[in-house]
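First the structure, in the form of structure tokens, and then the observations on it.
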Amino acid sequence: MECTVPPPDRLRRPLVIPYKYMMSAGPTNASARVLHALSNPIIGPLHKEAYEVLDDIKAGLQYVFQTKNEMTFAMCGSGTLGTEASIVNLYEPGDTVLVACNGIWSERAADIAERLGANVHTIETTHGKTFTLKEIEDALEKYKPQIFFIVQAESTTGVFQDVQHIGPLCHKYNCLLIVDAVVGVGGVPIFVDKWDIDVAFAGSQKALGGPTGLAPITFGPRAVKKMMNRKTKVHSFYMDALEFAKNWKSLGPEVPRGYHYTLSMNLLFALREALAEIVEEGLENRWKRHHETAERVRAGVHKLGLELFPHEGETPLNCVTTVRTKPGIDWRKLRHYAMDVYKMDLPGGFGKTAKQVHRIGLMGSNANPYTADFTLEVLKDAIEHCKISE
Ligand SMILES: Cc1ncc(COP(=O)(O)O)c(C=O)c1O
């Protein structure tokens, strides 16, 4: 038998990936230790060495989420999988889902809930602003949702939503709280247990400093109770958290480990190392480092005559700084200039902030004064080169 489709010549070329300075809203540059971990030997997800790694990761994630939740693990997929998995596991037909919309990630959550057939309601605020407890309570009272979804670290607008007191409020109205902490975990504080958050999820490639492709997630006791008492099967086999939990021995000591699907062990090795780095540094030190780096960047952009995007009185996010685009500067050209000349990824906005902002992400190992100053130098040079001539 002869093949009719010939081997593609393009695959005879060597693979060359240049180093880039990833000052985007993620992925961020990973440390040499994390990258090295990716090249460990392939092992099976049911081997004893794999179990050791899963246990290490669970402990590390409990630390970064500040929780004792046994249902804490890394699902296989990007941050969006966290959004989808959190909703799909809590949602039962007939449920109402309330979403606090102030950027693209919450809009996505509303879309996901709508696709499931949920009654979806949203509360909205201007991009660059966050929600007050009063606005949230009014909506909980009005719509009586079973699930409330909110983003802690909005990476397209650069605002930080305080989620400390929302859990108890939701519980007063018999509602479960989901927090999208994709960009925040590892860079800004989150206390899942203390703040009574029912589900929170992160992105491996953001402030955690790991590889792309894993969605750390944690389910609290109220969420687990609802999942255990479901009347219907979870709409997705792959994302069914109680099935997935068997891999991670998260269902109690009496439930044996089991296979759900083949875990991406090499990604998990790298996440394990990223978490080990966080343990060695200490979370408080890491939050401080992200804060100090962001303060340095904010002072630097002011010096360049630029304005921050978050509204007056809002807390700017420490992981991603958003700067308003300025008339007289071709922002698309600026982005290309930074990439072509410096191999630096300096993205613009996304969703409704597309032409309005410019973003500087300094997370994980990139959150340090030298990288902040280098980024500001590149920005300064790019602004000079991208002025629109009158
Ligand atoms: C707050 C937030 N939520 C969700 C996502 C989606 O993550 P991913 O692109 O890894 O699917 C992102 C991505 O930047 C994000 O910033």
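Numerical summary
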{"read-out": "Kirkwood hydrodynamic radius of region 136-265, from inverse mean 1/r over distinct Cα pairs, in Å", "value": "16.2"}
{"read-out": "Dipole in debye (nearest 20) - the chain, about Cα centre, beta carbon charges: Lys, Arg +1; Asp, Glu -1", "value": "380"}
{"read-out": "Interchain or long-range residues, amide H under 5 Å from VAL99's placed H", "value": "HIS121, THR122, ILE123, PHE149"}
{"read-out": "Pairwise centroid distance, computed over Cα atoms, of region 101-149 with region 7-33, Å", "value": "37"}
{"read-out": "Values of log10 I(q)/I(0), in the order q = 0.18 Å⁻¹, for region 310-368 under a Debye, Cα-only, solvent-free model", "value": "-0.70"}
{"read-out": "Relative contact order (percent, whole number), the chain, Cα cutoff 8 Å, 6+ residue spacing", "value": "24"}
{"read-out": "Scattering curve values for region 17-66, log₁₀ I(q)/I(0), Debye with Cα scatterers, q = 0.13 Å⁻¹", "value": "-0.50"}
{"read-out": "For THR325, residues with placed amide H under 5 Å, excluding near neighbours", "value": "VAL357, HIS358"}
{"read-out": "Spatial extent of region 270-390: Rg and Dmax, with the Cα atoms as the point set, Å", "value": "15.3, 53"}
{"read-out": "Rg and Dmax [Cα atoms of the chain; Å; Rg one decimal, Dmax integer]", "value": "21.6, 73"}
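Bear in mind that the values in this text are calculations on the coordinates, not laboratory data. Everything quoted here is computed from the prediction, not taken from an experiment. Methodologically, a virtual Cβ is constructed for each residue, glycine included, from the backbone with ideal geometry; neighbour enumeration extends over all protein chains shown.
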